[in-house]
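Visitor: Following this message is one structure expressed as C-alpha cells.
Nothing in this text is a laboratory measurement; each read-out follows from the coordinates by a stated rule. Since the structure is predicted, the reported quantities are computational estimates derived from the model, not experimental observations. Neighbour counts are summed over all protein chains in view; Cβ atoms, including those assigned to glycine, are modelled from backbone coordinates with ideal geometry.
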C-alpha cells in the first residue's frame with residue numbers, strides 16, 4: 001500500500017469519527033435555536049414578576065434568611081421529621097376517620113332529632129337569666145343551698161324513706177273521710193278498743209318522738 005493510499009484511509013477513518021460530532025453539534029445548534037425564544041420569554045416573565053416584589057425585597061434580607069436557616073438547620077430537620085410523622089399518622093388514621101366521621105354525624109343528628117341541642121341552649125339562656133337576676137353573693141348562697149338540698153335528696157332516696165313516702169302517698173285513698181264523725185272523750189275511749197286505732201296511735205307516738213329533732217339545740 002502506497003503512502004497516498006494510507007493517507008486516504010486515515011482521512012476516511014477520521015471522517016467517520018468526525019461525522020457524529022458534526023451531527024451532534026448541528027443538533028445542539030438546532031436545540032439552541034428552538035430554546036432561545038422560550039428562554040427569552042421565561043427571562044422576561046421572571047423580570048416582570050420580580051419587579052412586583054422589588055420594593056419589598058432586599059438582598060440583605062435574603063442573606064439574613066439563609067444565615068438563619070443554616071443556624072437552625074437542626075430545627076428544620078426536626079420539623080421535617082415531625083411533618084413526616086404527621087403525614088404518616090394521617091395516612092394510617094384515614095381509614096379510621098372515614099369510619100368514625102359518619103358515626104359522629106349520625107350521633108349528632110340523633111341529638112338534634114331529640115332536641116338535645118335546644119335543651120342545652122335553653123339551659124344556657126336560663127343560667128344567663130339567673131346571672132342577671134341574682135348577685136354573686138346570692139348565687140353563692142343558692143349554690144350552697146343546692147348542695148344541702150342534694151344531701152337532703154340523698155336521704156329521701158334511701159329505700160326505707162322511699163317505702164315510707166310510698167305508703168304515705170297511698171294513705172288518702174284508704175281513708176273514708178265521709179265516715180268521719182265528731183269525737184268526744186268517751187268516743188275516744190271506745191275507739192281505743194279498735195286494733196287499727198291502737199296501731200295508729202302507736203305510730204303517732206313514735207312519730208311524735210321523732211319530731212324532737214326539730215327542736216333547736
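Visitor: Helix 59-71 against the longest principal axis of the chain: what's the angle in degrees, Cα atoms only, rounded to the nearest 10?
Guide: 70 degrees
Visitor: Between residue 213 and residue 152, what is the spin-label point distance in nm, taking each point 7 Å from the Cα along the Cα→C-beta axis?
Guide: Inter-label distance under the simple model: 1.3 nm.
Visitor: Working out 0.36 nm times the residue gap between residue 77 and residue 126, then minus their Cα-Cα distance, what length gain in nm do you get to one decimal?
Guide: So the extension gain works out to 12.3 nm.
Visitor: Okay, next question. Return the calculated 222 nm mean residue ellipticity for the chain, to the nearest 500 deg cm²/dmol, obtained by summing -39500 (n - 2.57) across DSSP H runs with n ≥ 4 and dividing by the residue count.
Guide: Helix contribution divided over all residues of the chain: -29500 deg cm²/dmol.
Visitor: Evaluate the distance, in nm, between pseudo-label points positioned 7 Å from the Cα of residue 113 and of residue 205 along their respective Cα→Cβ axes.
Guide: 6.3 nm
Visitor: Helix 136-156 against the longest principal axis of the chain: what's the angle in degrees, Cα atoms only, rounded to the nearest 10?
Guide: Helix 136-156 and the main axis of the chain meet at about 60 degrees.
Visitor: Continuing with the same structure: On average over all directions, what projected area in square nanometres does region 26-138 have, based on the convex hull of its Cα atoms? The partial results should precede the final answer.
Guide: Details: hull surface 80.3 nm².
That works out to 20.1 nm², a quarter of the Cα hull's surface.
Visitor: I've got another one for you. Once the Cβ-Cβ distance between residue 28 and residue 70 is put in as r, and R0 is 45 Å, what FRET efficiency do you end up with, to the nearest 0.05?
Guide: Working: r = 38 Å, r/R0 = 0.85.
After rounding to 0.05, the efficiency reads 0.75.
Visitor: For the chain, find the longest principal axis of its Cα atoms and tell me its angle to the long axis of helix 195-210, 0 to 90°, nearest 10.
Guide: In the chain, helix 195-210 runs at an angle near 60 degrees to the longest axis.
Visitor: Mind checking the log10 I(q)/I(0) for region 58-114 at q = 0.13, 0.28, 0.29 Å⁻¹? Debye, one equal scatterer per Cα, no solvent, two decimals.
Guide: -0.61, -0.98, -1.01
Visitor: Something else now. Given R₀ = 41 Å, what would the calculated FRET efficiency be for residue 90 paired with residue 56, taking r from the Cβ atoms and rounding to 0.05?
Guide: 0.75
Visitor: Give, to the nearest whole percent, the P(r) tail of the chain beyond 23 angstrom, counting all Cα pairs. Please list the in-between numbers first.
Guide: Values: 19625 of 23436 pairs.
Cα-Cα pairs in the chain separated by more than 23 Å: 84 percent.
Visitor: Turning to a different aspect of this structure: Could you check the simple spin-label distance between residue 134 and residue 9, using points 7 Å along Cα→Cβ, in nm with one decimal?
Guide: Those two pseudo-labels are separated by 12.0 nm.
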